[in-house]
Amino acid sequence: MSITAEIPSEYLDLKDAVADFAQQVVAPVAVEHDANHTFPYEVVKQMGEMGLFGLPFSEEHGGGGADYFALALAIEELAKVDQSIAITLEAGVSLGAMPIARFGTEEQKQRHLPDLTAGRALAGFGLTEPGAGSDAGATATTAKLDGGQWVVNGSKQFITNSGTDITSLVTVTAVTGTKADGRKEISTIIVPSGTPGFTAEPAYNKVGWNASDTHPLTFMDATVPEENLLGERGRGYANFLSVLDEGRIAIAALATGAAQGCVDESVKYAKERQSFGRPISEYQSISFAIARMEARAHAARTAYYHAASKMLAGEPFKKEAAIAKLVASEAAMDNARAATQIHGGYGFMNEYTVARHYRDSKILEIGEGTTEVQLMLIARELGL
């Protein structure tokens, strides 16, 4: 029995609906947005209307009342055809809205979540800095209380969904003091778009994910009310790490979709492409290469399904999420390389899906924790 055959029908219905949306709506415009480095506002609007941005959130706050696994399934289907739109959803939910849902006050939830869960607005997750990537504890951005207001100074980089026309806020980690043991006290502050002193700098010119919005951010005396503290003071770093644990499952789902998309495109191409009078699918070197690609995608899917099942059961899942992210990101990169080779010269042309996957997939081994960070987490969970 296949894995999907064991999934309840409501998940399969969602999966099928998103797969159809990806083929009918996302795929036809993906090449244009990628080539022009433009953000697909019209696609995001339709995704919001479908309820995709609200999937794992409570109905009380405008969500769909589903769960994180439903979100992962949707992300996987989108990523088969366009990783840029998949990461827009993944970051919009797991990095943008989720910190507010997890750690926000009821007033913060009521103010921000309805628009975020409806896809009418997006939020950024300001963790990474020029000197604090994997070493997020090296945070240099500061937030000081002055007359009942936080004054934020510093910079962030590689922040997704931070500079679109519908970005409503970013949540940023900042040093708010010093703990008794001398370590930095790191808290999280909500900084709304349009706050004086907060600037989303010009977008990056990236290798891939060209239709995804990514900016460096600067804060020069950006001042927000004291009640914009998100969660408990001094728990900002710990809270963000817990968000990243969940986010790794979503990124693994995205990587799985990319890996499977490479399989699907390669199967179709190999059956159509003729060489020496017969389809190249009849050559063992090609069919075996695609078989290995399918095995990688299957292993990646199994890994993220397992991590998601542990998370939803309320069991520890840090190791499983790291394994899923590691296995899936490497599967996406390996499959993209193999798919490009199978397509030959066509695989080097940007209008082909596999070419975009080849450029897009590398970041999956870097973002939301590098391969090396995943290995470190796995080893630590093993007591090493």
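Read-outs throughout are calculated quantities, based only on the coordinates presented, and are distinct from any laboratory measurement. These numbers were taken from a predicted model, which means no experiment stands behind them. Neighbour counts are summed over all protein chains in view; Cβ atoms, including those assigned to glycine, are modelled from backbone coordinates with ideal geometry.
Only bridges with both residues in the chain count here: give the DSSP antiparallel percent, nearest 5.
So the antiparallel bridges in the chain amount to around 85 percent.
If you count, for each residue, the other Cβ atoms within 10 Å and average over each peptide, how do 375-381, 16-22, 126-132 line up from highest to lowest?
126-132, 16-22, 375-381
Excluding residues fewer than 8 places away in the same chain, name every one of the lysines whose C-alpha is closer than 17 Å to that of LYS318.
LYS310
What per residue convex hull volume, in Å³, do the alpha-carbon atoms of segment 130-194 yield?
Dividing the Cα hull volume of segment 130-194 by its residue count gives 90 Å³.
Students often check this: by mean Cβ neighbours within 10 Å, which of 48-56, 142-150 ranks highest, and how do the rest follow?
The most tightly packed comes first, giving 48-56, 142-150.
Can you classify segment 7-135 as rounded, prolate or oblate using the Cα gyration tensor, where a ≥ b ≥ c are the square roots of its eigenvalues, rounded means a/c under 1.5, and otherwise it's prolate if a/b beats b/c and oblate if not? Don't skip to the end; give the middle numbers.
On the way: a/c = 1.69, a/b = 1.14, b/c = 1.48.
Taking the square roots of the gyration eigenvalues as a ≥ b ≥ c, segment 7-135 is oblate.
Just how far, in whole angstrom, is segment 300-363 from segment 3-71 if you go by their alpha carbon centroids?
Taking the Cα centre of each part, segment 3-71 and segment 300-363 sit 18 Å apart.
State the percent of C-alpha pairs, over all pairs in segment 238-381, separated by a distance greater than 22 angstrom. Walk me through the intermediate numbers first.
Working: 4231 of 10296 pairs.
Counting every Cα pair in segment 238-381, those more than 22 Å apart make up 41 percent.
Would you mind calculating the gained length between THR302 and LYS206 on full extension (0.36 nm times residue separation, minus the Cα-Cα distance), in nm to one decimal?
Extending this stretch completely gives an extra 31.5 nm.
Have a look at segment 123-233 and give its Rg and Dmax from the Cα atoms, expressed in angstrom.
In order Rg, Dmax, the Cα atoms of segment 123-233 give 13.8, 45 Å.
Convert each backbone phi in segment 351-359 into a coupling constant with the Karplus relation 6.51 cos²θ - 1.76 cosθ + 1.60 (shift: θ = phi - 60°), then list the ³J(HN,Hα) values in order as whole Hz, x for Gly and Pro.
Once θ is set to phi - 60°, the couplings for segment 351-359 become 6, 8, 4, 5, 5, 5, 4, 5, 6 Hz.
For ALA138 and GLU6, calculate 0.36 nm times their separation in residues minus their Cα-Cα distance, and state this gained length in nm to one decimal.
Length gained, ALA138 through GLU6: 43.1 nm.
Would you pull out the residues with amide H under 5 Å of GLY124's amide H, same chain only if 5 or more places away, H placed 1.01 Å from N?
LEU169, VAL170, THR171
Out of all DSSP beta bridges with both ends in segment 123-233, state the antiparallel percent to the nearest 5.
Rounded to the nearest five, the antiparallel share is 85 percent.
What order, most packed first, do the peptides 106-119, 318-331 have when packing is the mean number of other Cβ atoms within 10 Å of each residue?
318-331, 106-119
Tell me, what HN-Hα J-couplings in whole Hz come from the Karplus equation 6.51 cos²θ - 1.76 cosθ + 1.60 at θ = phi - 60° for each residue of segment 99-108, using x for Gly and Pro?
For segment 99-108, the Karplus-derived couplings read x, 5, 5, 7, 10, x, 6, 4, 5, 5 Hz, x marking Gly and Pro.
ASP16 to THR178: FRET efficiency via 1/(1 + (r/R0)^6), r the Cβ-Cβ distance, R0 56 Å, to the nearest 0.05?
0.60
Hey, what number do you get for the chain at 222 nm if only DSSP H runs of n ≥ 4 count, each worth -39500 (n - 2.57), divided across all residues, to the nearest 500?
My calculation for the chain gives -16000 deg cm²/dmol from helical runs alone.
Sorted from largest to smallest, which semi-axis lengths in Å does the alpha carbon gyration tensor of segment 280-356 give for its equivalent ellipsoid, taking the root of 5 times each eigenvalue?
Listed largest to smallest, the semi-axes of segment 280-356 are 31, 14, 8 Å.
Work out from phi, with θ = phi - 60° and the Karplus expression 6.51 cos²θ - 1.76 cosθ + 1.60, the ³J(HN,Hα) of each residue of segment 58-74, listed in order in whole Hz, and give x for Gly and Pro.
Ordered by residue, 3J(HN,Hα) equals 5, 5, 4, 10, x, x, x, x, 8, 8, 5, 5, 4, 4, 4, 4, 5 Hz.
Find the Cα radius of gyration of segment 188-264, compare it with 2.2 N^0.38 Å by division, and give the number to two decimals.
1.48
Which number do you get for Rg(Cα) / (2.2 N^0.38 Å) in the chain? Please list the in-between numbers first.
Details: Rg = 20.9 Å, N = 384, 2.2 N^0.38 = 21.1 Å.
With N residues counted in the chain, Rg over 2.2 N^0.38 Å equals 0.99.
So which chymotrypsin sites (Phe, Trp or Tyr not before Pro) in segment 242-283 are both in a DSSP loop and have at most 12 other Cβ atoms within 10 Å of their Cβ?
PHE276
When only C-alpha pairs under 8 Å and at least 6 residues apart count, what is the relative contact order of the chain, in percent?
16 percent
For every other residue with a beta carbon closer than 11 angstrom to the beta carbon of ILE159, add +1 if it is Lys or Arg and -1 if Asp or Glu, then tell me the sum.
Summing Lys and Arg as +1 and Asp and Glu as -1 gives -2.
At a Förster radius of 56 Å, what calculated FRET efficiency corresponds to the Cβ-Cβ distance of ALA238 and GLN24, to the nearest 0.05?
The value I calculate is 0.85.
Quick one: grab Rg to one decimal and Dmax as a whole number for segment 320-384, Cα atoms only, in Å.
Cα-based Rg and Dmax for segment 320-384 come out at 14.4, 47 Å.
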